[in-house]
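The values are calculated or read from the model by the stated rules, or taken from the named source; none is laboratory data. Computed from a prediction, not measured in an experiment: that's the story for all the values here. Cβ placement follows ideal geometry from the backbone for every residue including glycine, while neighbour counts extend to all protein chains displayed. Surface accessibility is based on the protein's heavy atoms, side chains included, excluding ligands, DNA and RNA. Shrake-Rupley method; radii C 1.70, N 1.55, O 1.52, S 1.80 Å.
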Amino acid sequence: MGIDALLLERGLVSAAGVEEAVAEQQRTGERLDRVLVRLGHVDSQSMLHAIGEQFSMPIVDLATIVPEPEILKLLPSRLVFRQHCAPIDRTDNVLRVATSDPFELTAFDELRLLTGLTIELVLADEDDLRNFIRRHYGVAGDTLEALHAEVEPVVTETATDEADQAELASVIRLVNDLLVEAIRERATDLHIEPYENRVAIRYRVDGILATASVPRTVDRFRAAIISRLKIMANLNVAERRRPQDGRISMRHDGHLFDLRVSVIPMMHGEGVVLRILDSTAGLLPLDELGMQENVLDRWDECIHTPHGILLVTGPTGSGKSTTLYASLQRVVTGEVKAITIEDPVEYHLDGVNQIQTQAEVGMTFAAGLRSILRHDPDIVMVGEIRDRETAEAAVQASLTGHLVFSTLHTNTAAGAMPRLLDMGVEPFLVASSVEAVLAQRLVRRVCASCGTDWTPDWDTLPDALRFREGTVLRRGTGCRDCRGTGYHGRVGLYELLVVSDSVRKQVLARRSTGEIAQAAAGDKNLTTLLDAGRTAVLQGLTCPDEVARVAVAGQ
């Protein structure tokens with residue numbers, strides 16, 4: 001019985017679904033079971049059990065299996081990656097091998113001949129098997145094995161040798177594997193860090209750095225990897241004394257990714273960080289960012305004011321650009337002209353004129369902003385206020401009837417005004433131009449697949465997050481979807497300060513951040529990050545430790 005007939009018999013798929021999948025299979029040549037899952041006609045677990053029944057194969061959960069090291073050594077990594085299979089245990093003369101593709105059973109004759117053992121196949125989920133292989137054999141383990149065969153076992157030092165190695169097919173494949181793995185892991189950044197005797201490769205996922213599972217043999221090829229990245233980013237391969245910045249564009253799984261590359265000389269070589277942006281991902285609307293209802297309503301009022309400065313503050317990677325883009329999308333219509341100047345332009349907005357800064361030809365934020373005003377805009381967005389010149393240009397733009405959006409690097413909303421004063425902007429200009437400041441952070445979201453109710457021990461909670469004893473919260477226990485972390489994705493926490501007359505008086509008097517916050521709170525014009533964090537925890541979106549990590553320390 002074919003897999004389609006089996007699924008129909010069990011009522012897991014409709015005849016129309018099978019008909020659609022067959023047509024798609026004829027077009028792409030893809031396996032029917034994968035087409036059915038991809039089109040959403042059946043879930044992956046139901047398909048896995050149907051295939052297990054079809055081939056009379058037991059199903060294993062690889063997330064619970066920890067194989068002995070000697071078992072893993074029975075198969076070379078090149079074969080594991082090529083056949084997409086992995087040994088999991090051995091009993092006497094029988095080796096159990098997990099596979100997600102039992103349709104080509106003749107391919108496993110090679111395993112029997114290679115090991116001299118009887119091969120017993122068991123079925124595993126395809127994603128679980130991929131994670132299992134990466135965890136125990138490392139990312140690109142087969143490519144590194146091939147590289148050892150191509151390259152002499154000598155650590156090369158000259159730029160010419162490194163450039164030659166960077167053009168090897170195996171090095172190209174290795175770098176592509178590292179980039180694709182970062183994308184699959186939902187990483188926002190890829191770090192390659194040189195140390196005296198090793199190279200560390202780490203991914204930042206949901207704001208937290210995690211070491212990539214890469215074989216130690218990658219250490220020998222770190223110079224070639226960095227040279228390959230330089231070539232892809234159109235940087236100078238021979239230059240190893242100065243920092244360099246570039247960009248890489250790559251496609252994966254139908255998405256276009258923009259990789260911003262930064263190379264910096266360090267003690268034991270060059271360090272590389274790549275910021276990963278999905279250029280084809282749809283921008284979130286403002287009401288889907290996770291703002292509390294009261295914050296969303298007040299911010300919505302602010303972005304519809306005719307003039308003034310609206311600032312979004314927070315550390316790097318806290319989602320400031322996403323909030324600005326969502327705000328622009330909310331207010332830009334056919335009757336409104338909006339111009340942005342950014343470094344770099346991260347996403348393209350329909351109906352918005354976007355400009356990329358070019359410092360080498362004098363197109364800075366300040367110079368661009370002065371030129372923009374001659375194009376009769378209603379709304380202006382400046383990527384970041386970094387210096388006095390840009391700050392004063394933004395103030396002048398707001399005072400001449402323009403609505404100006406921008407970002408600042410401050411810990412709290414109240415800290416934005418003292419920061420502008422520190423840049424040298426006059427207090428009366430700051431007080432008369434800034435209308436509102438939105439500070440934000442991102443916290444990890446409790447995994448939807450493994451999240452469970454949880455009553456914490458009151459004494460273990462941070463002081464600022466002690467709820468009434470017996471309060472039921474949510475936390476993740478760890479599963480395959482969240483890679484065992486208990487978190488999947490992130491949610492924003494927002495602190496909104498609307499500038500009132502009492503706040504303006506504090507700014508004119510050059511008061512401290514704390515005094516400005518007190519004045520705003522007294523007018524009920526301040527909703528803090530901690531308030532937002534407590535709400536998110538009570539709603540089951542995140543955990544107290546997450547809020548304490550990003551919000552409590554920043555108060």
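Which count do you get for residues in region 54-77 that are charged (D, E, K, R), under 19 Å from D128 (Cα atoms) and open to solvent by 70 Å² or more (accessible area, probe 1.4 Å)?
The initial filter retains those residues of region 54-77 that are charged (D, E, K, R), namely 61, 68, 70, 73.
From the residues that got through so far, the ones that are under 19 Å from D128 (Cα atoms) too are 61, 68.
Going one step further and asking which of them are open to solvent by 70 Å² or more (accessible area, probe 1.4 Å), we end up with 68.
Total satisfying the criteria: 1.
Condition first: at pLDDT 90 or above, among the β-branched types (V, I, T) and surrounded by fewer than 23 Cβ atoms within 10 Å (Cβ to Cβ). Now tell me which residues in region 508-552 satisfy that.
Correct list: T513, T535.
In region 197-210, which residues are at pLDDT 90 or above and open to solvent by 60 Å² or more (accessible area, probe 1.4 Å)?
Listed by number, the residues that qualify are R202, R204.
Residues of region 1-28 being in a helix (DSSP H, G or I) and free of Cβ contacts under 8 Å to residues at least 12 places away in the same chain, which ones?
Residues satisfying the conditions are A5, L8, E9, A15, A16, E19, A23, Q25, Q26, R27, T28.
Given the criteria in a loop (DSSP other than H, G, I, E, B), of a type outside the set (A, V, I, L, M) and within 16 Å of M381 (Cα to Cα), does T322 qualify? Steps first, please.
Working: in a loop (DSSP other than H, G, I, E, B): no; of a type outside the set (A, V, I, L, M): yes; within 16 Å of M381 (Cα to Cα): yes.
Spelling it out, it is not the case that T322 is in a loop (DSSP other than H, G, I, E, B), of a type outside the set (A, V, I, L, M) and within 16 Å of M381 (Cα to Cα).
Conditions (1) over 21 Å from A169 (Cα atoms); (2) surrounded by 21 or more Cβ atoms within 10 Å (Cβ to Cβ); (3) out of contact with any Phe, Trp or Tyr (no Cβ under 8 Å at 6 or more places or on another chain), marked per residue:
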residue	(1), (2), (3)
D189	yes, no, no
V214	no, yes, yes
F221	no, yes, yes
I231	no, no, yes
H255	yes, no, yes
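So T460 fits all but one of (1) open to solvent by less than 40 Å² (accessible area, probe 1.4 Å); (2) β-branched (V, I, T); (3) free of Cβ contacts under 8 Å to residues at least 12 places away in the same chain; what number is the exception?
Answer for T460: the failing condition is (1).
Could you grab me the full set of residues in region 102-149 that are of a type in the set (D, E), at pLDDT 85 or above and in a loop (DSSP other than H, G, I, E, B)?
Within region 102-149, just D125 meets the criteria.
Which ones in region 463-504 are free of Cβ contacts under 8 Å to residues at least 40 places away in the same chain and of a type in the set (D, E, K, R)?
Once the filter is applied, which keeps residues that are free of Cβ contacts under 8 Å to residues at least 40 places away in the same chain and of a type in the set (D, E, K, R), region 463-504 yields D463, R466, R468, E469, D481, D501.
Assess whether S327 counts as being in contact with a Gly (Cβ under 9 Å, 6 or more places away or on another chain) and buried (at least 17 other Cβ atoms within 10 Å of the Cβ). I'd like the intermediate steps shown before the answer.
Numbers: in contact with a Gly (Cβ under 9 Å, 6 or more places away or on another chain): no; buried (at least 17 other Cβ atoms within 10 Å of the Cβ): yes.
Judged against the criteria, S327 is not a match.
Going by what's in this entry, would L465 be described as surrounded by 17 or more Cβ atoms within 10 Å (Cβ to Cβ) and modelled with pLDDT under 95? Quick ask: steps written out before the conclusion?
On the way: surrounded by 17 or more Cβ atoms within 10 Å (Cβ to Cβ): yes; modelled with pLDDT under 95: yes.
The answer is yes for L465.
Return the residues of region 385-421 that are polar (S, T, N, Q), open to solvent by 70 Å² or more (accessible area, probe 1.4 Å) and touching a Gly at 6+ places or on another chain (Cβ under 8 Å); say none if nothing qualifies.
First, the residues of region 385-421 that are polar (S, T, N, Q): 390, 396, 398, 400, 406-407, 410-412.
After this cut, where a residue has to be open to solvent by 70 Å² or more (accessible area, probe 1.4 Å) as well, the list is 396, 400, 411.
Of everything in region 385-421, just one residue is polar (S, T, N, Q), open to solvent by 70 Å² or more (accessible area, probe 1.4 Å) and touching a Gly at 6+ places or on another chain (Cβ under 8 Å), namely N411.
Which count do you get for residues in region 78-93 that are more than 19 Å from L123 (Cα to Cα), without any contact (Cβ under 8 Å) to a residue 40 or more places away in the chain and either surrounded by 14 or more Cβ atoms within 10 Å (Cβ to Cβ) or not acidic (D, E) (or both)? If you could, list the steps in order and put the result at the bottom.
At the first step, the residues of region 78-93 found to be more than 19 Å from L123 (Cα to Cα) are 78, 92-93.
Retained after the next criterion (residues that are without any contact (Cβ under 8 Å) to a residue 40 or more places away in the chain): 92-93.
Pick out the ones that are also either surrounded by 14 or more Cβ atoms within 10 Å (Cβ to Cβ) or not acidic (D, E) (or both) and you get 93.
Of the residues in that region, 1 qualify.
Which of the residues that make up region 29-43 are outside any loop (DSSP other than H, G, I, E, B) and open to solvent by 60 Å² or more (accessible area, probe 1.4 Å)? It would help to see each step written out before you state the result.
To start, the set of residues in region 29-43 that are outside any loop (DSSP other than H, G, I, E, B) comprises 32-38.
Correct list: R34, R38.
Please go through region 468-485 and pick out each residue that is surrounded by fewer than 22 Cβ atoms within 10 Å (Cβ to Cβ) and either closer than 18 Å to L421 by Cα or small (G, A, S) (or both).
Passing the criteria: G470, G478, G484.
In region 358-384, which residue that is of a type in the set (V, I, T) and surrounded by fewer than 21 Cβ atoms within 10 Å (Cβ to Cβ) is farthest from T313 (Cα to Cα)?
Let us first name the residues in region 358-384 that are of a type in the set (V, I, T), namely 361, 364, 372, 379-380, 382.
After this cut, where a residue has to be surrounded by fewer than 21 Cβ atoms within 10 Å (Cβ to Cβ) as well, the list is 361, 364.
Numbers: V361: 28, T364: 20 Å.
It comes out as V361.
Out of the residues in region 94-107 that are over 27 Å from R173 (Cα atoms) and of a type in the set (V, I, T), state the one that is most open to solvent (accessible area, probe 1.4 Å).
That would be T106.
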